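The values are calculated or read from the model by the stated rules, or taken from the named source; none is laboratory data. What you see is a predicted model, and the numbers here were worked out from it, not measured in a lab. When we count neighbours, we look across all protein chains shown, and the Cβ atoms used for this are built from the backbone with ideal geometry, even at glycine.
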Amino acid sequence: MAETQEYRYDVFISYSHADEAWVEGTLLPRLEGAGLRVCIDFRDFLPGKAALFNMQDAARDSRFTLLVLTPDWVKSEWTLFESLLSRTKDPAGLQRCTIPLLLQACDLPDFIAMITWVDFTRGDRLEIAWRQLLTGLGVPPEPVAAPEPERPGWFLPHPYGAQPNFTGRAAERWMLSDWLAEGLTRPESVEGPPHPLLVLRALGGFGKSALAWHWLHHDVDAARWPRAVWWSFYEGDNQFDSFLRKTLAYLLEP
């Protein structure tokens, strides 16, 4: 039985230093945020060692080699990568674990052109590109959030955002729906109509906003409640006078 090889890194990034702003500011955080162990030259190459030998060790110690392809990479890094191919004992194996990321259109060497690349040149398909890249690197695809129901009559200036992992919390949602429909269950000794105000109070990060947003969009009947306001005081337009002015303008619309 063949032994399973253990790798120090999940992926080694080969890139041109002309593209380091995107690599260090966008690519590296996204990969490490997905839990991948990344080998990158400025942090992981040994000083005083020839660049080719550092690159050879990085490719050997990484499950995948990711090539960030641009015209600058072809000019500056392809010769080095070609030298690496000539030194490896298994160029076909290196090819199998190489993932090209096409960041800018360029003339690709034959060795790379025959490999399916991930296309980052289309701004309208970046989410697809990220999903393909992470899946190719062995990261389970992120769940895709179901589209929120449209609420054209509601005033939602600060949308909370998609929540693909929201689950459960049925009891809290029922409590909110019960309050909205009939008021909270109270002792018979308490007289008067249901209280018009309900406060959700908890420490930051406990999911108050996520719960309220999900309940509002999935449990509240827009036909019965044709007007609703969602406002966040954490957003840029967070002044109380702005909240009053815009909310009153919305509520007073014919």
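Computed quantities for the displayed model
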quantity: Helices (runs of 4 or more DSSP H) completely within segment 1-76 that count 3 or more residues being over 24 Å from the mean Cα position of the chain (by Cα); calculated: 41-44, 51-60, 71-76
quantity: Sole exception among (1) of a type in the set (D, E, K, R); (2) at pLDDT below 90; (3) farther than 20 Å from Phe111 by Cα for Asp90, by number; calculated: (3)
quantity: Pairs, first closer than 14 Å to Gly138 by Cα in segment 32-43, second in a helix (DSSP H, G or I) and of a type in the set (D, E, K, R), C-beta under 9 Å, six or more apart; calculated: Val38/Glu32; Val38/Asp44
quantity: Selection count, segment 159-169, where residues are over 10 Å from Leu211 (Cα atoms) and at pLDDT 80 or above; calculated: 1
quantity: Count of residues meeting criterion [at pLDDT below 90 and in a loop (DSSP other than H, G, I, E, B)] in segment 117-138; calculated: 1
quantity: Residue pairs meeting the criteria (Cβ under 6 Å; at least 6 apart or on separate chains; first touching a residue at least 24 places away in the same chain (Cβ under 8 Å), in segment 216-232; second surrounded by 12 or more Cβ atoms within 10 Å (Cβ to Cβ) and not in a loop (DSSP other than H, G, I, E, B)); calculated: Asp219/Arg173; Asp219/Ser177; Val229/Phe155; Val229/Thr247; Trp231/Phe243
quantity: Flag for Leu101 being within 18 Å of Tyr9 (Cβ to Cβ) and at pLDDT 90 or above; calculated: yes
quantity: Subset tally (residues that are hydrophobic (A, V, I, L, M, F, W, C), more than 25 Å from Leu103 (Cβ to Cβ) and out of contact with any helix residue (DSSP H, G or I) (no Cβ under 8 Å at 6 or more places or on another chain)) for segment 1-57; calculated: 4
quantity: First in segment 139-156 and over 18 Å from Ala249 (Cα atoms) and of a type in the set (Gly, Ala, Ser), second anywhere and assigned to a loop (DSSP other than H, G, I, E, B) and modelled with pLDDT of 60 or more, Cβ under 8 Å, 6 or more apart; calculated: Ala145/Ala162; Ala145/Gln163; Ala145/Pro164; Ala146/Pro164
